[in-house]
Every structure is written in C-alpha cells, then in structure tokens.
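One structure is given below, encoded as structure tokens.
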Amino acid sequence: MLDGAAIARQIRLELQDRVAAFTTVQGRPPGLGIVLVGEDPSSEIYVRNKLKAAGESGLRADLRRLPATASLHDLLDVVTTLNGSPIHDGILVQSPLPAALGRDAEQVVFDAVDQLKDVDGFHPENVGRLVQKRPYLVACTPLGVMELLARSGIAVDGARAVVIGRSDIVGKPVSLLLMHRNATVTICHSRTRNLPELCASADILVAAIGRAAFVTPDFIKPGAVVIDVGINRVTDAGLVQRLFPEGSQRRADFERRGSLVVGDVHPAVADVAGALTPVPGGIGPLTIAMLLANTLKAAEARCSASR
Ligand code: NAD
C-alpha cells in the first residue's frame with residue numbers, strides 16, 4: 001500500500017518553513033479564497049478539509065459562500081473581488097456548481113479566475129502551459145499523483161502508463177504529466193474497446209472514473225503500480241458485502257455510518273498489484289497538500305513580481 005496520507009503530511013511539513021518565511025517578509029500569510037455555491041454534501045466535506053489543512057499549515061483561508069439560488073453574475077462578482085484582493089494569492093471555486101447555473105457555468109467561472117491565482121490549474125492559460133511543458137499552476141490531483149510516484153521511488157521514465165478517464169480535472173492533466181516524465185501513455189475512456197486488455201499492459205495504471213470498484217484484478221498486470229483516484233460514496237449494502245469480507249474493518253465502518261467511501265479499484269486488486277493507493281488515505285490527502293503548495297507558489301510569485 002502506498003501511504004498517500006503519510007506522504008501528504010511530509011509535503012505539508014516541508015512547506016512550513018516557506019510559509020513562515022513568506023509571512024515574516026510580507027507581514028501576512030499566503031491567502032486562499034474558497035468559493036462554495038450551494039450545499040452539496042460532498043463539497044461541504046471537501047471544503048471543510050481544505051480550510052482545516054490551510055489553517056494547520058499557517059495559511060489564511062477564507063470561505064465565500066453563496067446560496068444554491070445565486071446567479072452566475074453573483075458568482076462572477078465574488079471571483080472578481082477575489083481577483084483584486086491583495087491578501088488572496090489563490091482562488092478555488094469548488095466544483096460541481098449547482099446545475100441551475102447552466103452547463104457552461106464552470107468553464108465561464110474557471111476562465112474568470114486570475115490565471116496567477118488559479119491554484120486549481122483549470123484556467124485555459126495554465127492548461128495550455130501544461131500542454132506545452134512549461135507548467136505554472138497545475139491541477140492538484142494530477143500533481144499529487146506525480147508526487148506520490150516520485151516520493152515512492154516508482155520509475156516513470158520509459159514505463160507504460162494507462163490512464164482510465166479523460167476529464168479536464170484528472171485524466172487529461174495526469175496523462176500529460178506522465179508523458180512529460182517520459183512514460184508511454186494510453187488514455188482510456190467510456191468508449192474505449194478492450195479496456196481490461198489495454199489496462200493489463202500497464203506498468204502504471206491510473207483509475208479516475210468515478211465508478212466504485214470498477215477496476216478488477218483481470219485489468220492488472222501482476223506487479224503493476226495502481227493509482228486509485230476515485231472517490232465514490234457507496235450506500236448499497238449488497239455491494240459493500242461483495243467487496244469486503246465479513247468481520248473486516250470496512251464492513252464495520254459501513255454498518256456504523258450507513259455509507260462507505262470506495263475507490264474505482266476493486267479491493268481484490270491488492271493481491272495482484274505490486275503497489276496500490278488506498279481509498280481513503282491515498283490521492284485525496286495529496287490533492288490537499290498540492291493545493292497548499294500551489295497557493296504558496298502563487299503567493300511567492302505574486303510578491304516577487306510586485307517587488
Ligand atoms: P468525470 O466524471 O469528469 O470523468 C470520468 C471519466 O471516466 C470520463 O472521462 C469517462 O470517459 C470515464 N469513464 C466513465 N465510465 C467509464 C467506463 N465504463 N470505462 C472507461 N472509462 C469510463 O470524473 P473526474 O472528475 O475525472 O473524477 C473521477 C473520479 O476521481 C471520481 O470518483 C472523483 O470523485 C475522483 N476525484 C478524486 C479526487 C481526489 O482528490 N482524490 C479529485 C478529483 C476527482
């Protein structure tokens with residue numbers, strides 16, 4: 001098991017001196033503005049975790065809340081204010097946005113965030129820079145995957161990597177990062193034929209699908225490194241019983257809470273893979289660590305540019 005939580009703690013520890021130095025020189029900590037629209041329960045948890053992590057690492061983090069009934073105009077107003085704020089170096093608009101804002105709302109909002117404060121790495125300028133291998137701010141989850149591979153001593157150069165998922169948030173950027181580290185990358189998605197066969201050629205398999213326990217042992221080359229990005233809240237008792245043996249801690253957790261967070265990778269993959277990230281405790285904590293790293297990077301860059 002690749003202990004993402006321990007690696008994330010280490011990264012956060014390494015940021016502390018830089019945060020302290022920034023705070024001393026600037027007379028204020030690096031600042032992150034988080035915008036949350038509506039009351040999506042998963043988003044509430046993610047935002048709470050981000051605020052807590054930022055506070056623990058000495059960053060300032062402010063939450064701007066808007067009701068689910070807010071208009072796109074209201075949301076863009078908040079983004080514009082944060083763009084102009086001298087004390088906010090990073091801006092994050094929590095996705096998903098309420099469906100009522102319209103299908104293109106996320107893109108419109110991500111486009112509106114100042115690219116120098118775009119700690120989520122979703123602005124087209126930052127995406128373009130990543131494509132051209134001159135990245136500035138890169139999406140946090142893909143960065144977390146790469147940090148985990150690097151700090152676990154997993155060779156990427158020359159490896160055959162398969163990524164399942166082609167989203168702008170995970171699949172596409174992680175594929176580019178792997179390619180830039182000289183992996184030979186295949187990107188798979190919902191229309192891919194012979195998916196298990198393609199995956200079974202991978203030295204490194206990244207699953208970013210959003211379907212609980214979708215990746216079964218037949219997808220895995222024995223000894224492969226498997227990175228499970230999926231976060232799926234499961235409430236189906238039958239599925240939990242099929243996935244986890246009676247008497248296991250996971251079953252007990254489910255019985256206590258009535259739900260369980262499960263990755264995209266089936267637990268039985270642990271018997272075939274050479275290394276595997278757990279869910280929870282794998283890529284999730286690394287995503288938060290990279291958000292803090294991106295905020296500090298944006299803060300340092302803004303302040304050195306204005307000197
Ligand atoms: P998404 O819905 O935007 O994309 C899912 C991708 O999976 C799509 O590209 C789709 O083509 C592919 N897919 C769907 N069904 C498939 C199938 N049957 N076969 C092959 N491919 C299929 O999701 P996303 O935003 O990329 O997130 C993916 C997962 O990662 C989700 O579970 C999400 O919660 C999780 N996630 C975790 C973190 C983290 O911090 N660990 C961050 C972001 C997303």
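A short reminder: the numbers here are calculations on the coordinates, not readings from a lab. Bear in mind that the values here come from a model prediction, so they are computed numbers and not experimental data. Methodologically, a virtual Cβ is constructed for each residue, glycine included, from the backbone with ideal geometry; neighbour enumeration extends over all protein chains shown.
Annotations for the structure displayed:
- Between ASN126, ASN83, ASN49, the Gaussian network model of the chain with springs among Cα atoms under 10 angstrom shows the greatest mean-square fluctuation at ASN49.
- Spin-label model distance (nm) - ARG134 vs GLU56, 7 Å beyond Cα toward Cβ: 3.8
- Between 0 and 90°, nearest 10: helix 4-26 axis offset from the chain longest Cα axis: 10
- Length added when fully stretched, THR81-VAL234, from 0.36 nm per residue minus Cα-Cα: 51.3 nm
- Nonlocal amide H pairs with LEU276, under 5 Å, H built at 1.01 Å: LEU2, VAL226
- Segment 262-293 residues near the modelled GLN241 label - backbone nitrogen below 20 Å, point 7 Å along Cα→Cβ: 262, 267-268
- Comparing PHE244, PHE219, PHE122 in a Gaussian network model of the chain, where Cα atoms under 10 Å apart are tied by springs, the biggest mean-square fluctuation is seen for PHE244.
- Residues VAL108, VAL19, VAL162, sorted so that the one with the fewest Cβ neighbours within 10 Å comes first: VAL108, VAL19, VAL162
- With Cα atoms as the point set, the chain shows a radius of gyration and Dmax of 19.6, 61 Å.
- Computed from the Cβ-Cβ distance with R0 of 25 Å, the FRET efficiency linking ARG211 to SER248 stands at 0.70.
- Computed extension length for ARG166-ALA6: 54.8 nm, one decimal, from 0.36 nm per residue of separation with the Cα-Cα distance subtracted.
- The alpha-carbon of LYS133 sits under 19 angstrom from the alpha-carbons of these aspartates and glutamates, leaving out residues fewer than 8 places away in its chain: ASP118, ASP120, GLU125, GLU147, ASP157, ASP168.
- Extension gain, GLN107 to ASN182, is 24.0 nm, computed as 0.36 nm per intervening residue step minus the present C-alpha separation.
- Close amide H pairs (under 5 Å, H built 1.01 Å from N) link VAL234 with LEU260, VAL261, VAL262, residues at least 5 positions away or on another chain.
- Positive minus negative residues near ILE7 (Lys, Arg vs Asp, Glu; Cβ under 13 Å): 0
- Take every DSSP beta bridge whose two residues both sit in the chain; close to 10 percent of them are antiparallel.
- Residue-by-residue Karplus 3J(HN,Hα) for segment 276-286, coefficients 6.51, -1.76, 1.60, Hz, glycine and proline x: 8, 8, x, 9, x, x, x, 6, x, x, 5
- Long-range HN-HN contacts of ALA183 with modeled amide H, under 5 Å: GLY158
- Other residues whose C-beta falls under 11 angstrom from the C-beta of GLY165 contribute a net charge of +1, scoring Lys and Arg +1 and Asp and Glu -1.
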